[in-house]
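A short reminder: the numbers here are calculations on the coordinates, not readings from a lab. Just so it is clear, the structure is predicted and the values come from calculations on it, not from any experiment. Ideal geometry is used to build each Cβ from the backbone, glycine not excepted, and the neighbour counts take in all protein chains shown.
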Amino acid sequence: MHDQPRYKPLGKSDFFEDKRASRAAIEGTVARGQLREDEHLYTGKVGKELATSYPFPITADVLNRGRERYTIYCTPCHGQLGRGEGMVVQRGFKRPTSFHSERLREAPPGYFFDVMTSGFGAMSDYAAQVPTNDRWAITAYIRVLQISQHVSVADLSEKARAEVAKSASPLEPEHGAQEQQH
């Protein structure tokens with residue numbers, strides 16, 4: 001097993017007419033798992049336009065995955081809330097635009113996917129580090145961050161309004177705490 005017959009890359013071969021051991025892929029072949037027929041999923045575009053929708057349903061699991069991946073890959077620059085106040089910015093690197101700017105709040109999901117795939121300005125591409133579905137999950141999570149920072153109380157459900165009102169009222173000491181004071 002230690003000494004097996006093999007060709008070295010770009011080595012010579014007597015087997016082929018052109019004497020090259022390295023062979024070009026046959027035209028039209030696609031490696032397994034690399035077909036990428038779904039333009040929307042793999043490019044973030046529909047035709048030449050940025051996609052205004054997601055290529056698959058956004059569920060709680062997708063958002064949780066997006067939050068996890070966002071925390072790993074995006075918070076160093078963009079920060080936890082997407083305001084562009086990450087640790088590298090605090091160390092002197094250029095501050096990215098806040099996801100809460102009017103321009104980015106109105107940007108379609110395909111825009112964020114495209115920027116992660118191709119890079120933009122000082123941001124390099126993350127296509128090699130972050131798989132396609134994870135880039136879409138991060139895109140969905142960015143939208144959640146945007147909504148969370150710009151929601152109106154009127155847009156909340158009755159239950160959510162009650163929670164906000166409850167958290168806004170002064171806290172009353174617990175019954176046990178009052179007994180200990182006496």
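Can you tell me which of (1) over 30 Å from residue 47 (Cα atoms); (2) in contact with a Cys (Cβ under 8 Å, 6 or more places away or on another chain) is the one residue 123 doesn't meet? It fails just one condition, (1).
Of the residues making up the range 93-138, those that are hydrophobic (A, V, I, L, M, F, W, C), under 23 Å from residue 59 (Cβ atoms) and in a loop (DSSP other than H, G, I, E, B) number 3.
Selection of the range 139-163 for residues being surrounded by 13 or more Cβ atoms within 10 Å (Cβ to Cβ) and either among the basic types (Lys, Arg) or assigned to a helix (DSSP H, G or I) (or both) yields 139, 140, 141, 142, 143, 144, 145, 146, 149, 161. Going through (1) within 15 Å of residue 138 (Cα to Cα); (2) without any contact (Cβ under 8 Å) to a residue 12 or more places away in the chain one by one, residue 14 falls short only on (1). Looking across the range 77-94 at every residue that is closer than 14 Å to residue 120 by Cβ and free of Cβ contacts under 8 Å to residues at least 40 places away in the same chain, the one that is surrounded by the fewest Cβ atoms within 10 Å (Cβ to Cβ) is identified as 94.
Every residue, every condition in (1) in contact with a Phe, Trp or Tyr (Cβ under 7 Å, 6 or more places away or on another chain); (2) under 19 Å from residue 148 (Cβ atoms), yes or no:
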{"position": "31", "(1), (2)": "no, no"}
{"position": "54", "(1), (2)": "yes, yes"}
{"position": "65", "(1), (2)": "no, yes"}
{"position": "94", "(1), (2)": "no, no"}
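Could you check, for the range 38-53, whether at least one of its residues is out of contact with any helix residue (DSSP H, G or I) (no Cβ under 7 Å at 6 or more places or on another chain) and of a type in the set (Lys, Arg)? Yes; the residues of the range 38-53 include at least one that is out of contact with any helix residue (DSSP H, G or I) (no Cβ under 7 Å at 6 or more places or on another chain) and of a type in the set (Lys, Arg).
State yes or no: is residue 41 surrounded by 13 or more Cβ atoms within 10 Å (Cβ to Cβ) and within 16 Å of residue 115 (Cα to Cα)? So residue 41 fits the description; yes. Picking from residues in the range 38-50 that are over 15 Å from the mean Cα position of the chain (by Cα) and part of a loop (DSSP other than H, G, I, E, B), the one that is nearest to residue 132 (Cα to Cα) is 38.
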